[in-house]
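Structure record follows, encoded as structure tokens.
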Amino acid sequence: MYDNNNVFAKIIKGEISCEKVYEDDDVLFFKDINPKAKIHILGIPKVKCVDLVDFISNYDEKTISNFFKTTNNVIKKLELNKGGYRVVSNSGINGRQEVPHFHIHILGGEILD
Ligand code: 5GP
């Protein structure tokens with residue numbers, strides 16, 4: 001069940017501010033408040049979904065492909081593809097997901113642990 005008051009839902013609604021890297025009507029990419037690498041970006045679709053499986057199972061192909069194509073564009077815009085990067089998406093208790101709105105972490109800018 002999606003929690004309408006989770007932190008990222010509030011960021012989408014503009015109730016909590018963030019440092020935006022890219023935004024359009026469907027997606028938002030912004031800096032993680034507690035970066036685990038020199039560059040640490042979070043990417044979210046604006047639809048209500050709790051994790052990767054929820055997103056891909058319940059939304060249409062255009063919405064899904066747009067999100068991942070924008071991920072590609074953000075990685076290239078930040079030139080992370082030159083030195084390499086990591087993309088991670090945590091889910092649920094075992095995945096230690098903190099915020100129950102589907103998101104990807106894009107990490108890079110240095111050699112990662
Ligand atoms: P998760 O563990 O759910 O995959 O990751 C959630 C991420 O969201 C964490 O890396 C955390 O630092 C980040 N985060 C939590 N609250 C905020 C916030 O209010 N603003 C921003 N920019 N990032 C947040």
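Here, each number is a calculation from the coordinates, and none is a lab measurement. Keep in mind it's a predicted model, so treat the numbers as computed, not measured. For neighbour counting, all protein chains shown are included, and Cβ atoms are generated from backbone atoms with ideal geometry for every residue, glycine included.
What is the set of long-range amide H partners of Asp51 at a cut-off below 5 Å, with H atoms built 1.01 Å from backbone N?
Residues meeting the amide H criterion: Phe102.
What does the charge dipole of the chain about its Cα centre add up to, to the nearest 20 debye, if the Cβ of each Lys and Arg holds +1 and the Cβ of each Asp and Glu holds -1?
Approximately 280 debye in magnitude.
Could you run the Karplus curve 6.51 cos²θ - 1.76 cosθ + 1.60 with θ = phi - 60° over the range 74-84 and give me ³J(HN,Hα) per residue in whole Hz, x for Gly and Pro?
Along the range 74-84, the couplings run 5, 4, 6, 4, 8, 6, 6, 5, 5, x, x Hz.
Can you work out the Karplus-derived ³J(HN,Hα) for every residue in the range 99-113? Use 6.51 cos²θ - 1.76 cosθ + 1.60 with θ = phi - 60°, whole Hz, and x for glycine or proline.
10, x, 10, 3, 8, 10, 9, 10, 10, x, x, 6, 6, 8, 5
How high is the relative contact order of the chain? Use alpha-carbon pairs under 8 Å, at least six apart in sequence, and give a whole percent. Intermediate results must be reported in sequence, preceding the final value.
Working: 162 pairs, mean separation 36.7, N = 113.
With pairs under 8 Å counted, the relative contact order is 32 percent.
Is the C-alpha gyration tensor of the range 5-113 telling us rounded, prolate or oblate? Criteria: a/c under 1.5 is rounded; beyond that, a/b larger than b/c is prolate, otherwise oblate. Present the calculation step by step, with values, prior to reporting the outcome.
On the way: a/c = 1.39, a/b = 1.30, b/c = 1.07.
Rounded shape, in that the Cα axes give a/c under 1.5.
Can you give me the long-range amide H partners of Val21? Hydrogens built in the peptide plane at 1.01 Å from N, cutoff under 5 Å, separation of 5 or more residues or another chain.
Phe29, Phe30, Lys31
Could you line up Leu112, Leu52 from fewest to most neighbouring Cβ atoms inside 10 Å?
On the way: Leu112 12, Leu52 15.
With the fewest neighbours first, Leu112, Leu52 line up as Leu112, Leu52.
Tell me whether the range 36-78 comes out rounded, prolate or oblate; compute the Cα gyration tensor, take square roots of the eigenvalues as a ≥ b ≥ c, and use a/c under 1.5 as the rounded threshold.
Numbers: a/c = 3.18, a/b = 1.62, b/c = 1.96.
Oblate is the answer for the range 36-78, as a/c is 1.5 or above yet b/c matches or exceeds a/b.
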